1. For the condition at negative phi and either touching a Leu at 6+ places or on another chain (Cβ under 6 Å) or not assigned by TED's automatic domain parsing to the domain that holds residue 186 (or both), what is the one hit in 218, 277, 228?
2. Anything in the range 225-254 that is over 15 Å from the mean Cα position of the chain (by Cα) and not in a helix (DSSP H, G or I)? List them, or say none.
3. Scan the range 102-120 for residues that are modelled with pLDDT under 80 and of a type in the set (Val, Ile, Thr) and jot them down.
4. Yes or no: residue 15 under 33 Å from the mean Cα position of the chain (by Cα), modelled with pLDDT under 80, farther than 27 Å from residue 238 by Cβ and part of a helix (DSSP H, G or I)?
5. Would you call residue 80 buried (at least 19 other Cβ atoms within 10 Å of the Cβ), modelled with pLDDT under 80 and not in a helix (DSSP H, G or I)?
6. For the range 336-377, what are the residues that are surrounded by 17 or more Cβ atoms within 10 Å (Cβ to Cβ) and in contact with a Phe, Trp or Tyr (Cβ under 6 Å, 6 or more places away or on another chain)?
Amino acid sequence: MADEQGFLARLNDLGDVRGARMPVALRARLHWVRTQLTSIVQVSLGAALAWVIAHDLIGHQQPFFAPVAAILVIYAGTGGRRQIMLELFVGVSVGVLVGETLISVIGRGWWQLGVIVALASVSATFLGLRGLARTQAATSASLLAAILPVTAGNPAVIRFLDAVVGGLVGLTMALLIPGNPARRANREMQGVLRTLHQALRGIELALRLDDAGPAWTALQQVRGLQPAIESLATTVSGADEIARYSPLRWRQRSHVDRYVVAIRDVDNAVRDARVLARRVHTMLRKGERSFEGMPEAVSLLQEAVGIFADDIAAAEAYDEARTKLVEAARMATVALPTAATINDAAIVAQVRALASDLLYATGMTQAQVDRALEVRDSR
């Protein structure tokens, strides 16, 4: 027994040494680099390929905008936002075309720079470009005033073709070397669900102890989830585009569809949890006590969310989660006392709403959810 304890102690010491050698911040940065390897490969190959095409195949001596446009389009489209990629492609091209055309007429100088940027911005706005795409149109035009002019051929046409080549290469890289569309969506979804799981644990604890403190903590946790939900929606939209348009990721279409189906309902479940936490906090703060059965109902919700958080893409686990969700709704309904307060009724309603939204997230239809809850409630 002593030898075993000594061995375990040495293992712990070894883990501590490794942790000391690799600080948390450094590990986090290395992890972030690993998650970005696909986009790094895309921009590296894209920039080189754009230069080769513009310089060696087309014959441009200074194809400055070819690799620049490729890099901009790839990085702007990281995550698969096809509309952003196309708009940025157009923005770079418009900025180059307008800028080089005006430079050939009015020359280079401080006031010319102002005029060039203004007209490039007007052109981009007229074409309906927004945000980064409009900014890039103005930036591309302004860069032309600071770089060496093209010595042969029509400068406007040459620079425009470079931008077009770079943009097309960027779009091609995004399609031929796509990131894993489901991996990032799964990672972000798990983060949201784990926080929701922790918040439900706090609500359960508050109900068991008749203590408003854990409910207040849970309320702050779910309130802080809104930025993560918005980021998740963007990520899922990008994953859907990659799976839809990239031939290498077509096989993941059904996998990604699960996230597309779930995102809105997970968002609704988070909102339900926010209301639930606020109601529980209000009830306990005013001296009202939890009624029997409610902590158990919230515990079942928590267990179901934990199943999703482990792997929302594991459809075979949905049956277990659905059973717990339906049982949570039934238990909350049965537990509602005859002489219920407004807070009691509101808490039961939110438990049922949260269970329903998570059932929708598993792919169940409204009719299926209604039927499942009605059958269990009638027992």
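The values are calculated or read from the model by the stated rules, or taken from the named source; none is laboratory data. Given the structure is predicted, the values throughout are model-derived calculations rather than measurements. A quick note on method: Cβ atoms are made from the backbone with ideal geometry, for glycine too, and the neighbour counts reach across all protein chains shown.
1. Values: 218 fails: either touching a Leu at 6+ places or on another chain (Cβ under 6 Å) or not assigned by TED's automatic domain parsing to the domain that holds residue 186 (or both); 228 fails: either touching a Leu at 6+ places or on another chain (Cβ under 6 Å) or not assigned by TED's automatic domain parsing to the domain that holds residue 186 (or both).
One residue alone meets the criteria, 277.
2. Matches in the range 225-254: 246 only.
3. 103
4. Working: under 33 Å from the mean Cα position of the chain (by Cα): yes; modelled with pLDDT under 80: yes; farther than 27 Å from residue 238 by Cβ: yes; part of a helix (DSSP H, G or I): yes.
Criteria met by residue 15.
5. Values: buried (at least 19 other Cβ atoms within 10 Å of the Cβ): yes; modelled with pLDDT under 80: yes; not in a helix (DSSP H, G or I): yes.
Yes: the conditions hold for residue 80.
6. 362
Let's see how each residue does on (1) over 17 Å from residue 353 (Cβ atoms); (2) surrounded by fewer than 22 Cβ atoms within 10 Å (Cβ to Cβ); (3) in contact with a helix residue (DSSP H, G or I) (Cβ under 8 Å, 6 or more places away or on another chain):
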{"site": "259", "(1), (2), (3)": "yes, no, yes"}
{"site": "268", "(1), (2), (3)": "no, yes, yes"}
{"site": "280", "(1), (2), (3)": "no, no, yes"}
{"site": "287", "(1), (2), (3)": "yes, yes, no"}
{"site": "300", "(1), (2), (3)": "no, no, yes"}
{"site": "320", "(1), (2), (3)": "yes, yes, yes"}
